[in-house]
1. Hey, what angle do you get for helix A:63-72 against the long axis of chain A, alpha-carbon based, 0 to 90 degrees rounded to 10?
2. Assign unit charges at the C-beta atoms only (+1 for Lys and Arg, -1 for Asp and Glu), then state the dipole size of the protein assembly as shown relative to its Cα centre in Debye, rounded to the nearest 20.
3. Given contacts defined as C-alpha pairs under 8 Å and at least six residues apart, what's the relative contact order of region A:110-244, whole-number percent?
4. What GluC sites (Glu not before Pro) in region B:22-91 are in a loop by DSSP, with at most 11 other Cβ atoms within 10 Å of the Cβ?
5. Taking the alpha-carbon distance from residue A:7 and a cut-off under 12 Å, which aspartates and glutamates remain once sequence neighbours fewer than 8 residues away in the same chain are dropped?
6. Using the structure shown, select from A:15/A:69; B:69/B:120; B:118/B:172 the pairs with a Cα to Cα distance greater than 27 angstrom.
7. So how far, in whole Å, is the C-alpha centre of region A:66-108 from the one of region B:123-183?
8. Using only Cα atoms, what is the ratio of the radius of gyration of chain A to 2.2 N^0.38 Å?
Amino acid sequence: MQVEMLKVGLVELGKRLDYVPLTSDGWRFVRLTRKTKHGKMSDNVFSDPDLEVIAILGHGPEKFRLARKALMKRKHLLVDFPAAGTVEKARLLSDEAIRNNTLLYSPNLLKAEPSLKELKRRINDSTGRLLSLTVTCGFEAKRNSPEFLMLVAQLLDGIEWLVDAKFTEVYCEKSVIRSSVSALVVLASFDNGVKAMLNIYSVGENANHAGLWVDGVCENCVLRADPNGQSIRVISFRGERLMSVNWSNPSIVEAVENLGMHIDKARQPLELENLQRILDMAEGLVGS
Amino acid sequence: MTSDRILGIGVIGCGSIAEESHLPAIGRIPSARLVAVADSDESKARLVSEKFRAERWYGDYKELLENEKVDAVDICTPTKYHPEITVAAAQAGKHVLCEKPVALSLAETDRMISACSKNKVKFMVAHSRRFIPRYSTVRRIIREGLIGEPVWTTQISRRTKMEPGSWYFDPKMTYGPIAEIGIHDADLLRWMLSDDVVQVRGIARVTNSDRRVYDQIFAALKFSKGMVASFEVGYVLPKAYTHYTSLEVLGSTGLISASDNHMNVVTQGTENGVIYPLAYSDLLSVNSAYETEIIAFIDSVLSGVEPPVTGADARAALEIILAVHQSIQRAELVKLPLRDAS
């Protein structure tokens, strides 16, 4: 007997760090658009009755409108963390999901990204205490855009997950050059003693400069995760090793499979309290 | 070289920086003659003298300063002793090349600059990274406008963990890696960007309880023209891994990325948005910096021109580092120039 595949409508906003396979066990993607960043998507985009789930990856001006539209069309929704640029909007989405009896699931896909997962696993396993993280992140979005704020919020949430601790002190220095390119330098401390240096820059529309690199300095080794290159570099007392994580499941596979489990069980509530805290912190960094 | 003369050099301090870097470089320079070495550890001075074929060795640097064949001194001692030796050398009429950081305070630095000026001897501080082709190439790329106006830069300088007994962890001798390594980052930033720092914030930690100074430091800097920078320095690498450095500079139309472990490239934006990756082989090279540096010093002495790294340059770099150190201790933003030179 042939099992019916779960059909997931995929909306990609902005540059992705890992690749998106079009099919996996029990589900397949239907790309609804390749690029919605600049143009408005048609309201009919979710009209296919066979689409049971909509996945919105990344952040863009259309994110909230599309998310709400998907829920109104009674689709289950997987939307990258943060679900929206404000807690008010996130609450509206949550209410819409309840009203339409659908699932609203908003995981931070950075936490499922293969090289970052491997970095975290190694930090926890055998590297000794984590001393610091140095993160460099280039975004396509303009610094004063809601999209940039959401990207920073996603990054902050992901860093807390990597460090396994909460930010206790954050200091930010911003560039004030008249240019479409701008930068923030952030120094941070965590409640477990770890220090971090975050370099976050906006390259406007220049997607080739966008990306993410994470260095973890541990007691016994230094780790460098390069999600763009799908690799992790390990520098230990035994020498240096570069390992590919291409064989790992991309983040979206894990997210869709988790969503499938949530559909079968209880609803996944939005963690609005954490969302508020992270968005406030991001706004404090990005705002003037 | 602009002269056929040969400069007689006396090296003061025979520790690792002298033995591994300065003395071998001096031996390769035709316009340099190693006249003498001095170290408070006499056995060390004698051994180094034999190894590098110095004409004389001394257990007291003051005796070296009396040697008339010594035209210039190369000071390779721990930072704490730089001011005393520089002033004494200047008063003895010797030109001075001094290891970085120039001193532990701005007041001492001013005293060193003043003594050299008063006695009409050249004073250069050994900010060696300026002489590494990687960094001079980055500076040239920036000055040629290839990446537009600089917006952000970051540097990482990690060194291997050192033994706790080293003077590098003695707060009476140094502020630790912020002074010994961070001074490179401070000097390079000013030099490459041709701009001055107006405010800094630093955070730091002690990674091992046996360390008496902060051994891992992070700093955020703002420049007068509005660009921002960050740097990380520390003695944190596994012992077998001696050092790792990386540098990135983002401009309004391009990005420079140069590190020890990765491909070194410049990407440049154009008016129609196309990005061209450009590779620069010079970005890979870190060799021969000490030789180039000492040749530049000798050249300035023999031809009478200003050294490529002046006392004022070294003072400005030190001021940034002192500001970061203050910021760490006070847990607050520190603005430059510093009010208290001591």
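1. Between helix and principal axis, roughly 40 degrees.
2. 880
3. 31
4. Here the GluC sites (Glu not before Pro) that fit, given the DSSP loop and packing criteria, are B:66, B:68.
5. Partners within reach: A:25, A:48, A:50, A:52.
6. Listed pairs above 27 Å: B:118/B:172.
7. 49
8. Working it through for chain A, the quotient is 1.01.
Read the figures in this text as sums done on the coordinates, not as results from a lab. What you see is a predicted model; the values in this text were computed from it and never measured. Cβ: placed from backbone, ideal geometry, glycine included. Neighbour counts: every protein chain shown.
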